[in-house]
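Sharing a structure with you now.
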Amino acid sequence: MRGDVRVCCTTRDDGDLRIDEDATVLAQRRQAVATAPWSWLRQVHGADVVVVTRPGEHAGAAADAAVTATPGAVVAVQTADCAPILLSGDGVIGVVHAGWRGLVAGVIEAAASAMADLGGAPTDALLGPHIRPRCYEFIGSDLDVVAAHCGEAVRSTTAWGTPALDLAAGVRASCEALSISVVDDGTCTACSPQHWSFRARRDIGRQALVGWIEP
């Protein structure tokens, strides 16, 4: 990642960052990570992108990605098992919430396009904690839908031998098609006691991937 970009992937130690948490507690938890107002999203598993031009703009918008070229504007996505991604270009960053529906809808491509419009097409991606195929049983025709969009590499197997979805493979395929280099954190939310996982434990908590450009 470029030196002027800051990113934080929160854990359970940072507390529950669900948007329906107590407002005062949530504000305190966010400030402990990044003091400026957050542009957080009401994620809908689609491909809508918001462009943030000032700190806190579009907070609560229904979207699955936010991009900014404004130093000090904090953009964030919240996840339990979906893939959080930080995209970085020349003076522009974006955050993306990518589950299987978002991948198929083209959320990474949409965020990259929005960043290019701001003059900084992404060249690097950081892929944060999410559920890994060994824990992500994915049975049925939806796996064919994801494979049709992202390639056969998304097909995998769980630790107990059933069909699984490899979200990381889907993210890499989408990024590679855009000439974006990917660094993968490697953490499985289902396996990690430091992260929330709805699929593994029915956790209602959420961690966040938070990014900003230093002023």
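The values are calculated or read from the model by the stated rules, or taken from the named source; none is laboratory data. For clarity, every value in this text was computed on a predicted model and none was experimentally measured. Don't worry about glycine lacking a Cβ; one is built from the backbone with ideal geometry, like all the others, and counts go over all protein chains shown.
Of the conditions (1) within 18 Å of Gly205 (Cα to Cα); (2) polar (S, T, N, Q); (3) touching a residue at least 40 places away in the same chain (Cβ under 8 Å), Gln28 satisfies every one except a single condition; which number is it?
(3)
Counting only residues that are of a type outside the set (Val, Ile, Thr), over 13 Å from the mean Cα position of the chain (by Cα) and crowded, with 21+ Cβ neighbours inside 10 Å, how many does the stretch 35-54 have?
2
Which residues, taken from the stretch 196-209, are out of contact with any Phe, Trp or Tyr (no Cβ under 7 Å at 6 or more places or on another chain), closer than 18 Å to Leu26 by Cβ and buried (at least 18 other Cβ atoms within 10 Å of the Cβ)?
The answer is Trp196, Ala208, Leu209.
Separate question: Just checking, does the stretch 40-54 include any residue being acidic (Asp, Glu) and more than 21 Å from Asp184 (Cα to Cα)?
Checked against the condition, which is being acidic (Asp, Glu) and more than 21 Å from Asp184 (Cα to Cα), the stretch 40-54 yields at least one hit.
Suppose the filter is modelled with pLDDT of 95 or more, surrounded by 14 or more Cβ atoms within 10 Å (Cβ to Cβ) and not charged (D, E, K, R); does Thr187 pass it?
yes
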